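Peer 1: There's a structure below that I have some questions on.
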Amino acid sequence: AQTVTQSQPEMSVQEAETVTLSCTYDTSENNYYLFWYKQPPSRQMILVIRQEAYKQQNATENRFSVNFQKAAKSFSLKISDSQLGDTAMYFCAFMKWYQGAQKLVFGQGTRLTINP
Amino acid sequence: DGGITQSPKYLFRKEGQNVTLSCEQNLNHDAMYWYRQDPGQGLRLIYYSQIVNDFQKGDIAEGYSVSREKKESFPLTVTSAQKNPTAFYLCASSMWVGDPNGELFFGEGSRLTVL
């Protein structure tokens, strides 16, 4: 079974600091996609960043970047210059084949709090 | 504005009653999904639909039913057979199932509480 594990249930940092959220996954596939989703207190989830496994270059979106270690099956999210609006639940997700279609499997989530 | 609308936001149900959660999208997406969110467990897939009049069970389909009569709509019924229905339910859509861009668009969710 393919699983996604986020080992940090909660994290808290001061505004402007850099924070890294960890994610590991288990798969026997070679080509796949990984994602980080953000769920702020308003509850509407949005995509933060995605990574294709065949790309060696780590994805970057403004202050958000990933450290993708394919051999280690690790996919961490780094948030630089954190802002109060980054306070949210963050979910790591893996796209897998399931019954003839590809779907996302989510980790348990990390609750991130940015303190002023 | 394009997006996904879920209703109601909060719903209370007595044991033994069926309830239906509404999900409507105006994004012209083919694929729609229902996820259940419980504390500490992330999101788990209940059902998904790739096209009108077609849907498949996800990982935790027991006690739930869906329909997809229109492209825009994917209602979820929580039946009395669901042993632990109290949860937060999220509806999502994507261009198509297996879209490698992988971006799901989510609604704001519905919180169901069984009294």
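The numbers here are math on the coordinates, done by the rules we state, and not lab data. Source: prediction; values computed, not measured. Glycine gets a Cβ as well: all are built from the backbone with ideal geometry, and neighbour counts include every protein chain shown.
Peer 1: Do any strands (runs of 3 or more DSSP E) lying entirely in segment B:8-97 carry at least 1 residues that are of a type in the set (G, A, S), and which ones are they? Explain how you work it out, then say what you get.
Peer 2: Values: elements: B:10-13, B:19-25, B:31-38, B:42-51, B:54-57, B:64-66, B:76-78, B:87-94.
Fully inside segment B:8-97 and qualifying: B:19-25, B:31-38, B:42-51, B:64-66, B:87-94.
Peer 1: Another one. Considering every residue within segment A:91-108, establish whether at least one is β-branched (V, I, T), on the phi < 0 side of the Ramachandran plot and not in a strand (DSSP E or B).
Peer 2: Here is the first cut: in segment A:91-108, the ones β-branched (V, I, T) are A:105.
Right, trim to on the phi < 0 side of the Ramachandran plot and you get A:105.
If we keep only those that are not in a strand (DSSP E or B) as well, we get none.
Checking segment A:91-108: not a single residue is β-branched (V, I, T), on the phi < 0 side of the Ramachandran plot and not in a strand (DSSP E or B).
Peer 1: Let me ask another. Looking at A:Q8, is it touching a Leu at 6+ places or on another chain (Cβ under 7 Å), in contact (Cβ under 8 Å) with a residue 40 or more places away in the chain and in a loop (DSSP other than H, G, I, E, B)? Lay out the reasoning, then the answer.
Peer 2: Numbers: touching a Leu at 6+ places or on another chain (Cβ under 7 Å): yes; in contact (Cβ under 8 Å) with a residue 40 or more places away in the chain: yes; in a loop (DSSP other than H, G, I, E, B): yes.
In short, yes.
Peer 1: Being touching a residue at least 24 places away in the same chain (Cβ under 8 Å) and touching an Asp or Glu at 6+ places or on another chain (Cβ under 9 Å) is the filter here, so list the residues in segment A:16-39 that pass it.
Peer 2: Within segment A:16-39, A:A16, A:E17, A:T18, A:V19, A:Y32, A:Y33, A:L34, A:F35, A:K38 meet the criteria.
Peer 1: I need the full set of residues from segment A:102-116 which are under 17 Å from A:P40 (Cβ atoms) and hydrophobic (A, V, I, L, M, F, W, C), in order please. Let's see the steps before the verdict.
Peer 2: At the first step, the residues of segment A:102-116 found to be under 17 Å from A:P40 (Cβ atoms) are A:106, A:109-116.
Within segment A:102-116, A:F106, A:L112, A:I114 qualify.
Peer 1: Another one. Could you run through segment A:32-45 and say how many residues are in a strand (DSSP E or B), more than 7 Å from chain B (Cβ to nearest Cβ) and farther than 15 Å from A:T110 by Cα?
Peer 2: Pass one, segment A:32-45, residues in a strand (DSSP E or B): A:33-39.
Applying the additional criterion that residues be more than 7 Å from chain B (Cβ to nearest Cβ) yields A:34, A:36-39.
In the following step, the residues that additionally are farther than 15 Å from A:T110 by Cα were identified as A:34.
Counting residues in segment A:32-45 that are in a strand (DSSP E or B), more than 7 Å from chain B (Cβ to nearest Cβ) and farther than 15 Å from A:T110 by Cα gives 1.
Peer 1: When segment B:49-89 is examined, which residues are found to be closer than 13 Å to B:Y35 by Cα, within 14 Å of chain A (Cβ to nearest Cβ) and of a type in the set (A, V, I, L, M, F, W, C)?
Peer 2: Scanning segment B:49-89 gives B:I60, B:A61, B:A87, B:F88.
Peer 1: Which members of segment A:73-92 meet the condition of being surrounded by fewer than 20 Cβ atoms within 10 Å (Cβ to Cβ), within 13 Å of A:S22 (Cβ to Cβ) and either within 14 Å of chain B (Cβ to nearest Cβ) or in contact with an Asp or Glu (Cβ under 8 Å, 6 or more places away or on another chain) (or both)?
Peer 2: Passing the criteria: only A:K73.
Peer 1: Answer yes or no: is there a residue in segment A:51-72 that is within 10 Å of another protein chain (Cβ to nearest Cβ), in a strand (DSSP E or B) and closer than 18 Å to B:Y33 by Cβ.
Peer 2: No: zero hits.
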